[in-house]
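Presented below is the structure to which this report refers.
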Amino acid sequence: MSDIIICRCEGVRLHEILASIEDGANSVQGIKKRCRVGMGYCQGRTCQPVIREVLINKLGSNPIDRTSKIQSPIRPVLLRDL
Amino acid sequence: MDVDVLIVGAGPAGIVSSIELAKRGLKVVVIDEYYKPGGRLLGQLYEDPNLPKENNLWDGKVIASKLTEEAVALGVTILCETTAWKIEEQFIVYITDTTVKEIHTKAIILATGAIEKALPVKGWTKVGAISVGAAQTFTNLHNVKVGSNVVFVGIDPLSISVALEMKHAGINVLGMFLPAPSMLVSEKSNPKITLETLALASNLAPNKLFRIFGKFVKGKISNLVLSMLKFNLIKINGIPIYLRKAVTEINGKRKVESVTIKKLSVKGQINRDQEKTLYVNTVCLSGGLLPLVDSSQLVNCEMVDIPKLGGIVPLHNQFLKTTIDGVYVAGNITGIEGAKVAMAQGKLAALSLLYDLQLVEQDEVIEAFESVEVARIESPLQFYPEIKIGRQIMKDKWEEFQGVRGVVN
Amino acid sequence: MKRKEIPYKDLKSDKVSFIFNDITVTGVRGQPIAVALMSNGIYTIRHCEVTGEPRGIYCGIGHCYECRATVNGIPSKRTCLTLIEEGMIVSSDTDISYGAE
Amino acid sequence: MKQKVIVIGGGIIGTSIAYYLSKNEVDVTLFESKDIAAGSSGSCDRAIMIQSKKPGPTLDLALKSAEMYKTLELELEEDLEYRKGGGMILIENEFELEVIQEMVERQNQAGLDVSIISGEDAREKVPLLSKSIIASTWWSEDAEINPMGTAFAFARAAQKRNAKMELNYIVQGFLIENGRVVGVKANNENFYADGVVVCTGVWTKSLLQSINIDVPIVPRKGEILVTERLPKVIDCNILSGSYIASKLQKGNDNPYGIGLAIGQTKSGTLLIGGSREFVGFDSSTNSTVIREIAKRAVQAFPFLKNVNLIRTFSGLRPFTPDNLPILGEIPSVEGLFIAAGHEGDGIALAPITGKLMAEIICGQNTDFDMEPFSIQRFANMKI
C-alpha cells in the first residue's frame with residue numbers, strides 16, 4: 001500500500017509523503033518541498049486533494065491557509081508564447 | 001485586445017453568461033482550453049425526468065451547440081484551445097495564444113467548472129485505468145470504446161450514469177465496486193455512506209432504473225440501507241453494483257489486465273481471506289468532483305473550505321460576486337451541481353455584473369437569483385446531497401467576511 | 001486572428017493520417033490525437049520520466065497532462081485536446097534539437 | 001552542563017548553524033515560524049557560482065565554503081545533488097568581452113584560474129548554445145547543489161545530534177536581563193538559553209527592531225522560471241555577461257535588474273533566473289519580468305522557445321548595503337548573535353557560515369578575520 005503512487009507527474013509514492021509528514025511537514029507546501037509532490041506538469045491539480053486527505057488523516061486538520069499557493073502560469077506555456 | 005468582460009470557461013455557465021452580457025451590448029470574449037465550446041455538457045446524454053416523456057433526452061452536445069450559436073450570433077468571441085496563464089490586477093489576462101497574448105478587461109467571470117478528484121487504488125496509474133470523466137467523454141462525445149471489459153471503482157450518481165451510458169454504447173460493464181479502504185479514499189470505501197449518499201441523490205435520478213433504485217432505499221434510510229447491505233449485489237439495468245466488494249489492486253504488465261477484488265464488511269473493512277480476480281482491460285475511477293478554483297486563486301480571491309459544496313471554493317455572495325471587485329463566479333467553481341444550475345448561475349453572474357455597471361434594474365437580478373433556486377429543484381442529479389446547507393454556509397461566511405471588512409475599513 | 005473561431009465545423013467523416021512513433025495511424029477529421037490512437041488500439045502515449053511506467057489517457061479533458069506528446073516538434077501537447085491533422089508527427093519523446101539553430 | 005543555544009530561523013543558514021553547533025556538543029533548539037526552507041532558501045536557484053564574486057572577504061569565505069561542500073554529502077549522509085560541473089559567463093559582444101576580460105584578470109590575480117574560451121569552445125561544452133555567443137568564461141570549480149534539500153539535510157543531521165526543530169513557532173521577542181539575552185518568547189511561551197542566534201534573513205530587521213537594534217537588511221526580490229523536464233542539456237552553471245556589463249554602464253536600461261542565470265536540476269527542469277528588485281516584501285511574480293527573462297533565455301538558447309514554462313516563483317534575498325553578510329555577536333546585547341544578510345550568497349556560504357558561527361558562539365578561535373562581517377561596520381551609517 002505505501003508504495004502506491006500519489007503524484008502521477010513526479011512519481012511520488014505514499015511512503016515519501018508519510019516520511020515528509022514524519023519529518024515535520026504539516027502543509028501541502030511542506031510536503032511538496034520535501035518530496036516534489038505536485039511539482040510536475042499538472043501542478044498538483046490531481047494529487048493535491050489527496051494530499052490534503054492524507055494530512056487531515058495524519059494531523060487531524062489541514063487549514064486552508066496551508067494548502068499550496070497558486071503561482072502563474074496555471075497551465076504550462078511555451079516560452080515563445082509568453 | 002480590449003474587452004468589457006472576459007469569461008474563463010466555455011461551459012454551460014460561461015456561455016450563458018456571455019449571451020446575457022452580449023445582449024446588453026457588452027464586448028465579451030470567452031476562452032476555453034478545450035478545442036470546442038460546451039465544457040462538460042459535451043459528454044452529457046441522459047433521460048431527464050423533468051422533460052416531457054416523448055422528448056426527454058438531455059443531449060448536452062445539442063444544447064452546447066445551440067448555446068454557442070446564440071452567443072456567436074450576438075457577437076461573442078469564443079477562443080478555444082486557449083488558456084489563461086496569469087491574471088494581473090484590473091485586469092490583464094495573459095493567454096496562450098500566438099497572436100493575442102494579453103486581454104485587457106474591465107471584469108472577469110470565472111466559470112472554470114470542476115475537476116475530478118483522484119481515487120488512488122493500487123495500480124491506478126496503469127494504462128487503461130481512466131477517470132470516469134474520461135470514460136464519459138470518450139463514450140458520448142468521441143464515440144470511441146475505452147475498452148471491451150470494464151469495471152468501475154467508486155459508486156456514485158455520476159459513475160452509475162456513465163456506466164449505464166457505456167453499457168448502452170455496447171461496452172461490457174462487469175460491475176461497479178468500491179475502492180479499497182485507505183486514508184486516500186476517505187468515505188468512498190464505506191458501503192453505508194455510499195448507499196446513503198446514493199439514496200439522497202436518487203430522489204431526482206435521471207434514469208428510470210436509477211429512480212427504482214432510489215425507491216429501494218427511500219423512506220427510513222438508515223434501516224433500509226443496513227438491510228440492503230446484507231445483499232451482496234444490486235443490479236441496475238443489468239449492471240451489477242457491489243456495495244460490499246472493493247477493488248484492492250489493478251493488475252497488468254503494460255496495461256490493465258485484471259483487478260483484484262476483496263469482500264468488505266458493512267463498515268467497510270476488508271475481509272482478507274477472500275480474494276477474486278476479474279479479467280478486464282479498462283478500469284473507470286470515480287472519486288467525485290471538486291470545484292476547479294486555480295484561476296480564482298490567481299486573482300487573489302478569498303477562499304473558503306466548504307466540503308458540502310465540494311471543497312475549497314472562492315468566497316462569494318448570493319449574486320456570485322467574489323471578494324475581488326470585478327470578479328464574478330458561476331457554475332461548478334461555486335460548488336458542484338448540475339448543468340441546469342450552472343446555466344442559471346451563468347445568467348445570474350452576468351446580471352449581477354450588469355447591475356454593478358448600472359445597466360439593469362435590481363428586479364432582474366432578483367429574478368435571475370430565483371431561477372437558480374428553481375433550477376436547483378429541477379436538477380435531475382445531485383452530486384453533493386447537502387448542497388443547500390453548503391450554500392447557506394457560504395452565505396454566512398460572506399456576511400462574516402463583510403463584517404470583518406467593515407471593521408477594518 | 002489565426003485561431004479557429006466558433007462555430008466549430010461539424011465533424012466530416014473524412015480520413016486523416018498521421019505518424020505516431022514511426023507508425024502511420026488513420027483517424028477521422030475532428031478527432032483529438034488520443035481518440036484516434038485509441039480507435040486504432042494504441043493506448044500507451046508516453047512513459048513516465050520518473051518511474052518509466054507506460055502512461056495513457058487518464059482525465060481525458062486536459063487537466064492531468066498524462067497524455068502529452070511532442071506534436072510537430074512542440075513538446076508536451078495534450079493529445080486529448082489536440083486535433084489530428086494530415087501528416088502530423090506525434091512522438092512520445094521530447095526532441096530538444098527541434099528548436100535549435 | 002551543555003551550553004544551550006536558541007537558533008531563530010529554519011533557512012539554510014539557521015539549519016547549518018544548528019548542525020555545526022550540535023556537532024560542537026551544544027544543546028540546540030531551532031525556532032522556525034513556518035517550516036524548514038520555507039522562505040528564501042526554498043525559492044532560489046542551485047548555483048554555487050564563485051568565479052563572478054568580487055575578490056575580498058566574500059570570495060575568501062565562498063572558497064572555504066566550496067571546499068566544505070565537496071565532502072558535505074558524505075558528512076551529512078544524504079544526496080544533496082551536489083555537482084561540480086563548472087561555470088560559464090556568456091559573452092555576446094565586444095563591450096561585454098572587454099568588461100569580462102577585466103573581471104577575469106582580477107579573478108586570476110586573486111588566484112582563481114578562470115579563463116576565457118571561444119564561442120565555439122563554449123558550444124562544445126554546451127551544444128545548444130546560440131551562435132550569437134562570441135565567447136565565454138570557464139571555471140571548472142563552480143558547482144551546484146539542491147538548496148532546499150541541503151537545508152533539510154542540515155536540519156536532520158542536527159536532529160540526529162539531538163537538536164530540536166520547533167516548526168510553526170513564531171518568535172515574538174527576546175528575554176533580556178542585565179544587558180544579556182537569556183532566551184526568547186515564542187508562541188506566547190518563554191524559552192531560556194545561554195545564547196541566541198538570529199538567522200532570519202530578510203525578516204531580521206523587524207525582529208531586531210523590537211530591541212532597538214537597527215540592521216540594514218532589506219528584501220531584494222528575485223524571480224525564477226522553471227521549465228518542464230528535459231533531457232540533460234546543460235551541465236554547468238551559466239550566467240549572462242550582459243548583467244555584469246550593464247552594471248558598469250550608467251543609465252537605467254535594466255529596471256528589473258535582469259541577468260540571465262541558467263542551470264538544470266537533477267530532475268531535468270531548467271531553473272532560469274533572474275531579477276533583482278527592491279519592492280519590499282511583495283513576493284508576487286511579474287509578467288513583464290517573466291517575459292524579459294524568457295526572452296533573454298531564448299536568445300542564449302534558441303531551442304528554449306519550444307519549451308514549456310511550468311512554474312515561476314520569486315524569493316526575497318537579504319540585501320545589505322555593502323553586499324557582505326552580517327556575522328557575529330551583537331555588541332550591545334551579550335549572548336545575542338546574528339548571521340544574516342547573505343543576499344544571493346546564502347546557499348554558497350551556508351556551510352562556512354554554520355561552522356564559523358558555531359565556533360564564535362562556543363567561544364573558540366576562528367581561523368578567519370570576521371571584522372569585515374561585524375554589525376559594527378554599520379554603526380556610523382545613516383540608515
> For B:Y384, A:Y41, what's the largest-to-smallest order of accessible area, 1.4 Å probe?
Replying inline: B:Y384, A:Y41
> In percent, how large is the relative contact order of the range A:5-65, given Cα pairs closer than 8 Å and 6 or more residues apart?
Replying inline: 33
>> For chain D, what does the relative contact order come out to in percent, with C-alpha contacts under 8 Å and a separation of six or more?
In response: 24
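Can you tell me the equivalent ellipsoid semi-axes for chain A? Use √(5λ) from the Cα gyration tensor, largest first, whole Å.
23, 15, 10
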> For the range D:230-383, what's the radius of gyration and Dmax over Cα atoms, in angstrom?
Replying inline: 19.2, 57
> On a 0 to 90 degree scale, rounded to 10, what angle separates helix D:287-300 from the longest Cα axis of chain D?
Replying inline: 50
> For B:D59, B:D356, what's the largest-to-smallest order of accessible area, 1.4 Å probe?
Replying inline: B:D356, B:D59
> Quick one: with all protein chains in place, what share of the accessible area of chain B is carbon or sulfur, to the nearest percent (1.4 Å probe)?
Replying inline: 51
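Given a 1.4 Å probe, how much area per residue of the protein assembly as shown is accessible, in Å²?
39
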>> Give the C-B buried accessible area in Å², both sides summed, 1.4 Å probe, nearest 100.
In response: 3100
> Chains D and A: buried accessible surface, both sides, probe 1.4 Å, rounded to 100 Å²?
Replying inline: 2300
>> Can you find, among B:I236, B:I108, B:A64, the residue sitting farthest towards the positive end of the charge dipole of chain B, where Lys and Arg contribute +1 and Asp and Glu -1 at Cβ?
In response: B:I236
> In the range C:34-60, which residues give up 50 Å² or more of accessible area once the other protein chains are added, compared with their chain alone (1.4 Å probe)?
Replying inline: C:V35, C:M38, C:Y43, C:V50, C:P54, C:R55, C:I57, C:Y58
> If the cut-off is 15 Å between C-alpha atoms, which aspartates and glutamates fall inside it for B:K145, apart from same-chain ones fewer than 8 positions away?
Replying inline: B:E165
>> Please report the spacing between the Cα centers of the range B:17-84 and the range D:34-102 in Å, no decimals.
In response: 54
>> Along its three principal axes, how long is chain D when you only count alpha carbons? Whole Å, largest extent first please.
In response: 65, 44, 41
> At a Förster distance of 35 Å, what's the computed FRET efficiency of D:T288 paired with D:R377, Cβ-Cβ distance as r, to 0.05?
Replying inline: 0.45
> Of B:E378, B:E337, B:E361, which is the most mobile in a GNM of chain B whose springs link Cα atoms less than 10 angstrom apart?
Replying inline: B:E361
> Using only the Cα atoms of the protein assembly as shown, what do you get for the radius of gyration and for Dmax, in Å?
Replying inline: 29.9, 94
> Between chains A and B, what is the buried accessible area in Å², counting both sides, with a 1.4 Å probe and ligands, DNA and RNA left out, to the nearest 100?
Replying inline: 2800
> Short version: what are the Cα gyration tensor semi-axes of the range B:37-94, square root of 5 times each eigenvalue, largest first, in whole Å?
Replying inline: 32, 13, 10
>> Could you report the accessible area of B:M1 in Å², rounded to 10, computed with a 1.4 Å probe on the protein chains as they sit in the structure?
In response: 70
>> Cut-off 20 Å, label point 7 angstrom out along Cα-to-Cβ of D:N190: give me the residues of the range D:1-35 whose amide nitrogen falls inside.
In response: D:4-8, D:29-31
>> Using alpha carbons only, how many angstrom separate the centre of the range D:161-229 from the centre of the range B:354-394?
In response: 49
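Mind checking the range D:80-181 for trypsin sites (Lys or Arg not before Pro) that DSSP puts in a loop (not H, G, I, E or B) and that have at most 11 other Cβ atoms within 10 Å?
Within the range D:80-181, the qualifying trypsin sites (Lys or Arg not before Pro) (loop, at most 11 other Cβ atoms within 10 Å) are D:K131.
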> So for the pair D:K247, B:Q318, with labels modelled 7 Å out along Cα→Cβ, what separation do we get in nm?
Replying inline: 6.1
> Normalised by the number of residues in chain B, what is the relative contact order in percent for Cα pairs under 8 Å and 6+ residues apart?
Replying inline: 18
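Give me the percent of Cα-Cα pairs in chain B that sit more than 36 Å apart, rounded to a whole number. Display every interim value, and only then the final one.
Working: 22902 of 83436 pairs.
In whole percent, the long-distance tail amounts to 27.
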> If the range C:27-95 were replaced by its equivalent ellipsoid, with semi-axes equal to the square roots of 5 times the Cα gyration tensor eigenvalues, what would those be, largest first, whole Å?
Replying inline: 18, 13, 11
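The values are calculated or read from the model by the stated rules, or taken from the named source; none is laboratory data. Being a predicted model, the structure only gives us computed values, none of them experimental. No Cβ is skipped: glycine too gets one built from the backbone with ideal geometry, and neighbour counts run over all protein chains shown. These accessible areas exclude ligands, DNA and RNA; they are computed on the full protein's heavy atoms, side chains included. Shrake-Rupley method; radii C 1.70, N 1.55, O 1.52, S 1.80 Å.
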